[in-house]
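Read the structure below first, then the notes.
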Amino acid sequence: MEINGLLLRKYPLGEIDRIFVLYTLEKGRIRAVGSGAQKMKSRWTGVVEPFQLIRADIQTRKDPSLFRIDGAECNRRFQKIVADLERLDAAYGVLEILDRFTPEGDANPQLYRLIVDVLDRIDTGLFDSRFWLRVFQLRFFALAGYEPTLDRCIRCGKRRGTRSAYFTVPEGGVVCKSCCGAESERILLSGPTIELIRKILGEETFPDLRDLPIRKFIEETGPMVSTGFEYYFEGSLRSGGILREMRPD
């Protein structure tokens with residue numbers, strides 16, 4: 001079977017083989033054995049590596065959850081990602097989500113197209129790489145069935161307009177100031193940030209980002225995303241944006 005995908009991580013199997021964890025267009029997240037992949041002159045060296053889109057031939061094994069790679073070739077390398085720490089940090093944030101929060105063997109072509117599109121944006125360096133990671137995280141929530149309600153108060157139903165509002169992860173939407181109590185989990189989002197989230201989630205292609213408050217959007221949606229992964233997926237994020245948070249712009 002021929003598959004298209006990218007490497008999420010790899011680890012040893014015995015003394016000479018490796019297991020590659022891949023996210024693929026055809027089968028979602030899978031594990032596959034690369035025979036002899038730990039050898040110094042392995043045929044897999046430079047082919048099945050992070051931030052490369054590959055085409056591979058895989059076969060089933062006795063264990064139906066583990067495939068065997070018979071051959072692979074690199075279709076595209078995201079060269080600028082691996083050469084820049086800030087881009088690399090954001091791109092690893094994408095891989096972490098795929099590795100930890102996607103089911104094994106469940107194909108999702110829409111998610112695969114999003115992965116390629118976001119890695120392409122990070123690679124080209126258009127706007128802050130943290131912005132594209134945040135775009136991926138928000139669209140990942142939506143594809144998983146957790147698209148937020150942003151146009152009206154989740155409690156009273158009042159239309160929000162262009163005003164700021166509090167967001168609550170457990171309720172999955174914004175709460176107007178009249179309905180909002182003293183909940184510790186509430187997250188204040190400005191009107192422009194909410195509108196940008198709506199554009200990101202509501203348009204098939206990425207919106208025109210010129211003259212938009214990108215930095216404020218990144219800062220305000222940080223707690224929303226981290227709390228969302230803890231609440232919906234019961235896990236905290238370990239990578240993505242770490243380097244930029246350690247030092248000022």
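The values are calculated or read from the model by the stated rules, or taken from the named source; none is laboratory data. What you see is a predicted model; the values in this text were computed from it and never measured. Note: ideal-geometry Cβ built from the backbone for every residue, glycine included; neighbour counts use all protein chains shown.
Note on the range 37-145: enclosed helices (runs of 4 or more DSSP H) holding 3 or more residues that are among the hydrophobic types (A, V, I, L, M, F, W, C) are 85-101, 109-124, 129-143. Return yes or no: is GLU185 exposed (fewer than 13 other Cβ atoms within 10 Å of the Cβ), modelled with pLDDT under 90 and not basic (Lys, Arg)? No, not satisfied. Selection of helices (runs of 4 or more DSSP H) fully inside the range 188-249 by the criterion of at least 1 residues being surrounded by 14 or more Cβ atoms within 10 Å (Cβ to Cβ) and modelled with pLDDT of 90 or more returns 191-202, 214-232.
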